[in-house]
């Protein structure tokens, strides 16, 4: 290789010219074919091992899916058949379909843009970023295969989802399988490709990435409104004007129109929408292929490091470390909002004061908690209209959403236990500090729940003003208990619990990991669902059982938190 190839591996390359000894390298210095040929030969054995490992992993996943998923799939199909037998159910799904399809397409765009902030569609291994891109080679020859692989994988996933959507329409009775599959296919192919090109645009520059960070809360709010629109449309309250604007406002609506036509909905101009979708996708992909070589090396290096960290800790089941790595990449060093609160007069309020200040300086957590609360309230509204076991199942789903809402507010408790030496500043012991960390999430969660309960109270459900805020303290206690559970018990994955269905060790590990969540949700579901408090015209006596359950559960979870925190707290080193 020429002397121009012997550059510092950390020197950034702009993709068009690189300097060596003060002169730009020319076509004569181009060593792209030789370098890629050499790497292809050297990596042959590695590729063989990697393909074998991927084949074994794929076989294990397929075996697990067939073994455990076939029974669930059969029951789901039976349940769907019973629902489809009811005429009003199929019609409700047809009415909600426009908003649901637009919601799914917009959600895919948001996820792709957020993913590009820490990983992106162009993900190059760390050794390639550190050495290969520093050589006199054409960057697009290295980066295009990475983008192509991401686009192909996303398209395969989209096609599988399209087939699943066609099957669902067939089971519900809204369309025949053949026409539905054919009309689902444009959305399954074009939307993933458009999402990949959007992610590439976000990955390439700092300005688009900053815009994504700023607009994410508004995008989530839009998704929430679309979910509300779908729920209202299912009950018959539709707006033809709003649906028309959505279906013609961009690719999210263009892709939905052929599906609506297959389901018998209003989509008279679907051939034009399909033409616009195909033309827009072709133009976007052509542009992406042309500019993929301009992704800065600095950004590629940062994303490769984050992806390597996440992959390494996931194999050790350290989900918390992976989340911290992703959060750091998403923040990108952006300064927080410097908001202050008056200092407390009592040393016993220092922990609560720090939690409140941390929440004020990270308003995104509060906004996320509010959105989760709205989703939980909407699910509760659905549960109230149901009866029997269906009500209990939907209520458990609503309480799960409430758990996520309150859990978003307990980040300071998790930071406290990431390294127990941090608690050396506190005038209280770690056990007492962890109990105090539950106060702010409980209070803020109760306020959000109270606000979400106001619409129920205005429509005659006065019980919501008591029961919904009552769920916040148990969830806060469960969140701090989860934060204080200590290092991940990977030893539970190798217990050797042989059963006719296979090794059950992984389920023991999952039970240990999700114990606080399962305890809180199951107890509150039993307390609310079996007490009759959600029934129309419920008496005051029906509220006694939920109150006792919430108080007792909160006390038990805080007691368990104290015991675990005492085991965590060791000598400060």
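Working carefully through the options 149, 101, 111, 171, find the one that is surrounded by 20 or more Cβ atoms within 10 Å (Cβ to Cβ) and either assigned to a helix (DSSP H, G or I) or under 22 Å from the mean Cα position of the chain (by Cα) (or both).
Working: 149 fails: surrounded by 20 or more Cβ atoms within 10 Å (Cβ to Cβ); 111 fails: surrounded by 20 or more Cβ atoms within 10 Å (Cβ to Cβ); 171 fails: surrounded by 20 or more Cβ atoms within 10 Å (Cβ to Cβ).
One residue alone meets the criteria, 101.
Residue 230 fails exactly one of the following numbered conditions: (1) out of contact with any helix residue (DSSP H, G or I) (no Cβ under 7 Å at 6 or more places or on another chain); (2) in contact (Cβ under 8 Å) with a residue 60 or more places away in the chain. What is the number of that condition?
Failed condition: (1).
Could you say whether any residue in the stretch 341-362 is surrounded by fewer than 17 Cβ atoms within 10 Å (Cβ to Cβ), more than 22 Å from residue 118 (Cβ to Cβ), modelled with pLDDT of 85 or more and not assigned by TED's automatic domain parsing to the domain that holds residue 398?
Within the stretch 341-362, none of the residues are surrounded by fewer than 17 Cβ atoms within 10 Å (Cβ to Cβ), more than 22 Å from residue 118 (Cβ to Cβ), modelled with pLDDT of 85 or more and not assigned by TED's automatic domain parsing to the domain that holds residue 398.
Would you confirm whether or not the stretch 236-246 contains a residue that is closer than 30 Å to residue 170 by Cβ, modelled with pLDDT of 85 or more, in contact with a helix residue (DSSP H, G or I) (Cβ under 9 Å, 6 or more places away or on another chain) and crowded, with 21+ Cβ neighbours inside 10 Å?
Scanning the stretch 236-246 turns up at least one residue that is closer than 30 Å to residue 170 by Cβ, modelled with pLDDT of 85 or more, in contact with a helix residue (DSSP H, G or I) (Cβ under 9 Å, 6 or more places away or on another chain) and crowded, with 21+ Cβ neighbours inside 10 Å.
Could you list, in sequence order, all residues of the stretch 532-561 that are in a helix (DSSP H, G or I) and either under 13 Å from residue 399 (Cβ atoms) or touching a strand residue (DSSP E or B) at 6+ places or on another chain (Cβ under 6 Å) (or both)?
546, 549, 550, 553
Between 268, 322, 279, which is outside any helix (DSSP H, G or I) and free of Cβ contacts under 8 Å to residues at least 24 places away in the same chain? Show your work before the answer.
Details: 322 fails: outside any helix (DSSP H, G or I); 279 fails: outside any helix (DSSP H, G or I).
Matching residue, one of 268, 322, 279: 268.
Does the stretch 209-217 contain at least one residue that is more than 16 Å from residue 367 (Cβ to Cβ), surrounded by fewer than 18 Cβ atoms within 10 Å (Cβ to Cβ) and assigned by TED's automatic domain parsing to the domain that holds residue 159? Explain how you work it out, then say what you get.
If we filter the stretch 209-217 for residues that are more than 16 Å from residue 367 (Cβ to Cβ), which is where we start, we get 209-211.
Keeping just the survivors that are surrounded by fewer than 18 Cβ atoms within 10 Å (Cβ to Cβ) gives 210-211.
Still in the list and also assigned by TED's automatic domain parsing to the domain that holds residue 159: 210-211.
Yes, the conditions are met somewhere in the stretch 209-217.
Taking helices (runs of 4 or more DSSP H) that do not extend beyond the stretch 472-531, which have at least 1 residues that are modelled with pLDDT under 85 and more than 23 Å from residue 418 (Cα to Cα)?
Values: elements: 472-483, 505-513, 515-529.
It comes to 505-513, 515-529.
Okay, residues lined up against (1) surrounded by 18 or more Cβ atoms within 10 Å (Cβ to Cβ); (2) part of a helix (DSSP H, G or I):
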site: 372; (1), (2): yes, yes
site: 389; (1), (2): no, yes
site: 432; (1), (2): no, yes
site: 462; (1), (2): no, no
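Kindly provide the set of residues from the stretch 108-143 that are more than 12 Å from residue 198 (Cα to Cα) and out of contact with any helix residue (DSSP H, G or I) (no Cβ under 7 Å at 6 or more places or on another chain), ordered by number.
127, 130, 131, 134
For the stretch 289-297, does any single residue satisfy the condition of being under 27 Å from the mean Cα position of the chain (by Cα) and part of a helix (DSSP H, G or I)?
Within the stretch 289-297 (the criterion being under 27 Å from the mean Cα position of the chain (by Cα) and part of a helix (DSSP H, G or I)), the answer is yes, since at least one residue qualifies.
Among the numbered criteria (1) surrounded by 12 or more Cβ atoms within 10 Å (Cβ to Cβ); (2) over 26 Å from residue 184 (Cα atoms), which one does residue 106 miss?
(2)
Being over 21 Å from residue 197 (Cα atoms) and in contact with a helix residue (DSSP H, G or I) (Cβ under 6 Å, 6 or more places away or on another chain) narrows it down to one of 254, 270, so name that one. Break it down stepwise before answering.
Details: 254 fails: over 21 Å from residue 197 (Cα atoms).
Testing whether each residue is over 21 Å from residue 197 (Cα atoms) and in contact with a helix residue (DSSP H, G or I) (Cβ under 6 Å, 6 or more places away or on another chain) leaves just 270.
The values are calculated or read from the model by the stated rules, or taken from the named source; none is laboratory data. From a predicted model like this one, the values you see are computed outputs, not experimental measurements. Cβ coordinates were reconstructed from backbone atoms using ideal geometry, including for glycine residues, and neighbour counts include every protein chain displayed.
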